[in-house]
Amino acid sequence: MNTLVLAIPVIALLVVLYLAMALGWRARKRRQAGFAAAATTPEDSGALLFEAAMLYVATTPAAKPLERLVLPGLAFRGRGTFIVWEKGVTLSIDGERDIYVPYGNIRSIGTSTFTIDRVVETGGLVRLDWTTPLVGDEKARTAAATAGATSTEKKDILARAAAGDRPSNADIESYVRILDQVDSVRVLDTVQSRLTFTSSTDTDTTDTPKQEGQVA
């Protein structure tokens, strides 16, 4: 009887914590509803160049490695395959829809040491910087564009939106851990070579994000 009496408050606390986490997750999804579901791999993605086993870790707003985004197909950590095509890359996470990013949407690729719930050795994470479109009404797009932003950044985004420069896309970062170090180097080299080829035929002068470096 005494054991049961002691267990009831513990069980109640666990239930409250679970409900708080569930409600927080739903609120996060609602705030980030303006992020479009990334495209699935198209038939014209070109020749398959390389595949590597990976652990998908997280996707965050650009330069905000501790602010998780819950994009469809990229909300949960899981094992999968990093696939490099002639025209883009696919993040294929077990149990989730494949996410395809064309090279035209990739801003850079490099390495990082930490992101949400994950700290590794130098160069232990591959970081893919890319751009995704925003959808929905202006309120949804603005909420998505300000995800993880500081108060100053939010004021700037809102001021530009009020002036007519409404957000239509967002820069984000996806973190994966390639399970084999040799494969990590090959992923970086192969994707970078495709980005170099693409940029040589593209007049876009968007700044390339600063990357940490190469795999140690």
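Any read-out appearing in this document is the output of simple, stated calculations on the displayed coordinates, not a laboratory observation. Please read these numbers as outputs of a predicted model, since none were measured by experiment. So basically every Cβ, Gly included, is an ideal-geometry build from the backbone, and we count neighbours across all protein chains shown.
How much length is gained on full extension from GLU86 to ASN169, taking 0.36 nm per residue of separation minus their Cα-Cα distance?
On the way: separation 83, 0.36 × 83 = 29.88 nm, distance 2.40 nm.
This chain segment gains 27.5 nm when fully extended.
Using θ = phi - 60° and the Karplus form 6.51 cos²θ - 1.76 cosθ + 1.60, what ³J(HN,Hα) does each residue of the range 64-75 get, whole Hz, x for Gly and Pro?
10, x, 10, 10, 6, 9, 10, 5, x, x, 10, 7
Residue by residue, what Karplus-based ³J(HN,Hα) values in Hz, rounded to whole numbers, does the range 108-124 have, using 6.51, -1.76 and 1.60 with θ = phi - 60° and x for Gly and Pro?
The phi angles translate into 5, 9, x, 10, 9, 9, 8, 7, 4, 6, 8, 10, 10, 5, 3, x, x Hz.
Return the sequence-ordered ³J(HN,Hα) values of the range 126-133 in whole Hz as given by the Karplus equation 6.51 cos²θ - 1.76 cosθ + 1.60 applied to θ = phi - 60°, using x for Gly and Pro.
Using θ = phi - 60°, the values come out as 8, 10, 9, 8, 8, 10, 10, x Hz.
Given +1 on the Cβ of Lys and Arg, -1 on the Cβ of Asp and Glu, and no further charges, what dipole in debye does the range 48-200 carry about its Cα centre, rounded to the nearest 20?
320 debye
With the Cα gyration tensor of the range 79-129 giving a ≥ b ≥ c as the square roots of its eigenvalues, does the rule (a/c under 1.5 for rounded; else a/b larger than b/c for prolate; else oblate) give rounded, prolate or oblate? Walk me through the numbers on the way to the answer.
Working: a/c = 2.43, a/b = 1.36, b/c = 1.79.
It comes out oblate by the Cα gyration axes.
Using +1 at the C-beta of Lys and Arg and -1 at the C-beta of Asp and Glu, which of ALA75, VAL176, ALA140 has the Cα lying farthest in the positive direction of the dipole of the range 48-200?
ALA140
5 Å is the cut-off here: which amide hydrogens, built 1.01 Å from N in the peptide plane, fall below it relative to THR122, excluding neighbours closer than 5 in sequence?
For THR122, no residues qualify.
Work out how much length ASP44 to PHE76 would gain on full extension: take 0.36 nm times their residue separation and subtract the Cα-Cα distance, in nm to one decimal.
Values: separation 32, 0.36 × 32 = 11.52 nm, distance 2.76 nm.
My answer for the length gained is 8.8 nm.
What are the residues whose amide H is under 5 Å from the amide H of PHE50, where those residues sit 5 or more places off or on another chain and H is modelled from the backbone?
VAL84
Give me the extension gain from VAL182 to THR131: residue separation times 0.36 nm, minus the current Cα-Cα distance, reported in nm with one decimal.
On the way: separation 51, 0.36 × 51 = 18.36 nm, distance 2.72 nm.
Working it through step by step, the gained length comes to 15.6 nm.
For TYR56, TYR103, what ranking results if the residue with the fewest other Cβ atoms within 10 Å of its Cβ goes first?
Numbers: TYR56 24, TYR103 20.
Fewest to most other Cβ atoms nearby, the residues stand as TYR103, TYR56.
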